[in-house]
Amino acid sequence: MHHSVRTYAVTAATGHVGGHAARELLRAGHRVRAMGRDGGRLKELEAEGADPFVGDLADRGFVEEAFAEADAALLIVPPHPAAPDFPRYQHRIARVYASAAAHTGLRHAAFISTQGATDDRVDGLIAGHAAIESVLNQVAGLHLVHVQPPSFFEILYYFLGPMRERGVLSSPLGVDAVLRLVGARDVAAVAAGLLADPHFRGVGNVPVPPAELMTMRQIAELISEHLGRPMGVEQISAEADVADLVAAGTGRSFATLLNRTWALATAMGDTVQDEVTAVTRPAYRIEDFIRDELVPAIRSSRPISDYSTATRPRRA
């Protein structure tokens, strides 16, 4: 089947969602401008056929260069845990994306947002995504779709330190709260699918259903099974978690917002009654993620920063 070759700008292309989306678009035969701060980390995508665009997403000139004459863009505001004022950082990147899109006449974009961003009672990191959505919505002539997934399987990388050092899945999430989880690759597939045939008009939202409804206790059991040794599970206080994150070099602003998001997930987890139908169920299962990605990360001696943007300290 013949299709027209399009050019896509993919922001945060070295991240979990950006990397998978860039690869999906390359596999479909399109041109991809892979945007990231670290040229070394873009090498892998370059080897697969992407054009590396190395620069800072806060630099409007750089973003305009990547957006110029692109058919569409995938917009991601990557975590920057060390930012002294995280919402301000998010807002700054959103404004750069909006002005670059307006200046270059970008016609289509997908933004990786989050479930709950359209609910005005939201808090934590979800409120930041809602603010980014409203900035992007102002761009005249930009057809925009907000992809809204629940939490990612990849949040488990935040808790890699205690899993390696103490054999405990230690987090501020309630051990029996039901979490709604999906793999980054499935979110990327939804976004890449929308962009591959960008006929959407105006501004819309596309929710991504969770692949799994799971508790931290069930996740610890799956880890134990694939690791071949017991993995404990515990809930720690938000204060202890914030202190851990800050000691590891994470900004207090991000650490606090992250914990407000965890608290919301724990509270909402007791009330979620969603039916996840087989038709909409994403393809990648948490068992696969734990076996193929998380367990190797637990066994590895690679620095935690290779897996997660917010690292945790070694306990003395």
Worksheet item: What pairs can you find where one residue is in the stretch 56-70 and in the same structural domain as Thr14 (by TED's automatic domain parsing), the other is among the basic types (Lys, Arg), and their Cβ atoms are less than 8 Å apart, with a gap of 6+ or different chains?
Response: Asp56/Arg37; Leu57/Arg37; Ala58/Arg92; Ala66/Arg33; Ala70/Arg33
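Any idea which of Val233, Val206, Val187 is hydrophobic (A, V, I, L, M, F, W, C), outside any helix (DSSP H, G or I), crowded, with 20+ Cβ neighbours inside 10 Å and in contact (Cβ under 8 Å) with a residue 12 or more places away in the chain?
Values: Val206 fails: crowded, with 20+ Cβ neighbours inside 10 Å; Val187 fails: outside any helix (DSSP H, G or I).
Of the residues listed, the single one that is hydrophobic (A, V, I, L, M, F, W, C), outside any helix (DSSP H, G or I), crowded, with 20+ Cβ neighbours inside 10 Å and in contact (Cβ under 8 Å) with a residue 12 or more places away in the chain is Val233.
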Practice prompt. Taking Val168 as meeting all but one of (1) buried (at least 21 other Cβ atoms within 10 Å of the Cβ); (2) at pLDDT 90 or above; (3) touching a helix residue (DSSP H, G or I) at 6+ places or on another chain (Cβ under 8 Å), write down the number of the exception.
Written response: (1)
Discussion item. Restricting to the stretch 24-40, count the residues that are without any contact (Cβ under 8 Å) to a residue 40 or more places away in the chain and more than 14 Å from Thr11 (Cβ to Cβ).
Written reply: 6
Worksheet item: Scanning for something at pLDDT 80 or above, outside the structural domain of Leu42 (by TED's automatic domain parsing), closer than 16 Å to Pro210 by Cα and touching a Leu at 6+ places or on another chain (Cβ under 7 Å), does the stretch 273-289 turn up at least one residue?
Response: yes
Discussion item. Yes or no: the stretch 218-227 includes at least one residue that is under 26 Å from Ser305 (Cβ atoms), exposed (fewer than 15 other Cβ atoms within 10 Å of the Cβ) and modelled with pLDDT of 80 or more.
Written reply: no
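The values are calculated or read from the model by the stated rules, or taken from the named source; none is laboratory data. All values derive from a computational prediction rather than experimental measurement. Note that each Cβ is placed from the backbone with ideal geometry, even for glycine, and that neighbours are counted across all protein chains shown.
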